[in-house]
Amino acid sequence: MSSQPKKSYTLEEYFEIELNSEIKYEYWDGQIFAMSGASPEHNEISVNLTREIGTQLKSRQCKLFHSDQRVKVPAWPPYRYPDLVALCGKPEYQEIGGVKALLNPSLIIEILSPSTEAFDRGDKFSYYKSIPTFCEYILVAQHRPHITQIIKQSDNKWLLSEANELTASIYLTSIDCSLTLSDIYLGVEFPPANQNPVGGLID
């Protein structure tokens, strides 16, 4: 028996769904995808990052946004929902489909899961590069202490570094903030080292 073909949505139909739903959706090539609930570890890490970065930015002309903020990605229209984005200076927006999408993030942070890690490290990163102001990418593992930091250089090449000890720290060059891994992973319980993470919720 043949399966039913997937419905293809126009951008206008997608925007109407987005505006009238409490659920976040992303759109790509005629398909819409619900942004499903995150794991407890993902939420712990997101709260920790928001607290630590927000505290350092509160007295400065900088902004931090969580995953409800739409971000325009020219190579992946119309917009995306990164886990966290930040910038120093005045945020710029474009109204797309009746909602405001951020145009000028400098820092994008994604919290990885087994089901999204390859995409976050590969195609998603290449799409994010089409944002002119984007210059720093942070990938945060959930199942072990591990941070990947990728920074755009003056020659437009990207420099990758990693930190994997709770005693280590990273410096976010795009927003002039320092974070320790122990603060990022505060309250997170990791599986035993010999236990492979299994697929879970898409976040």
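Worth a mention:
- Residue match in segment 138-161 (condition: at pLDDT 95 or above, surrounded by 14 or more Cβ atoms within 10 Å (Cβ to Cβ), among the charged types (D, E, K, R) and closer than 22 Å to V73 by Cβ): yes
- Residues in segment 67-102 that are closer than 22 Å to S46 by Cα and open to solvent by 20 Å² or more (accessible area, probe 1.4 Å): 7 in all.
- Odd one out for I17 among (1) surrounded by 13 or more Cβ atoms within 10 Å (Cβ to Cβ); (2) in contact (Cβ under 8 Å) with a residue 60 or more places away in the chain: (2)
Here's the yes/no breakdown for (1) more than 30 Å from T180 (Cβ to Cβ); (2) in contact with a His (Cβ under 7 Å, 6 or more places away or on another chain):
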{"residue": "T50", "(1), (2)": "no, yes"}
{"residue": "W76", "(1), (2)": "yes, no"}
{"residue": "Y81", "(1), (2)": "no, no"}
{"residue": "G89", "(1), (2)": "no, no"}
{"residue": "L103", "(1), (2)": "yes, no"}
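- Any chance E12 is open to solvent by 80 Å² or more (accessible area, probe 1.4 Å), farther than 28 Å from H146 by Cβ and in contact (Cβ under 8 Å) with a residue 40 or more places away in the chain: yes
The values are calculated or read from the model by the stated rules, or taken from the named source; none is laboratory data. It should be emphasised that the depicted structure is a prediction, and the values quoted were computed from it without experimental measurement. Ideal geometry is used to build each Cβ from the backbone, glycine not excepted, and the neighbour counts take in all protein chains shown. Surface accessibility is based on the protein's heavy atoms, side chains included, excluding ligands, DNA and RNA. Shrake-Rupley method; radii C 1.70, N 1.55, O 1.52, S 1.80 Å.
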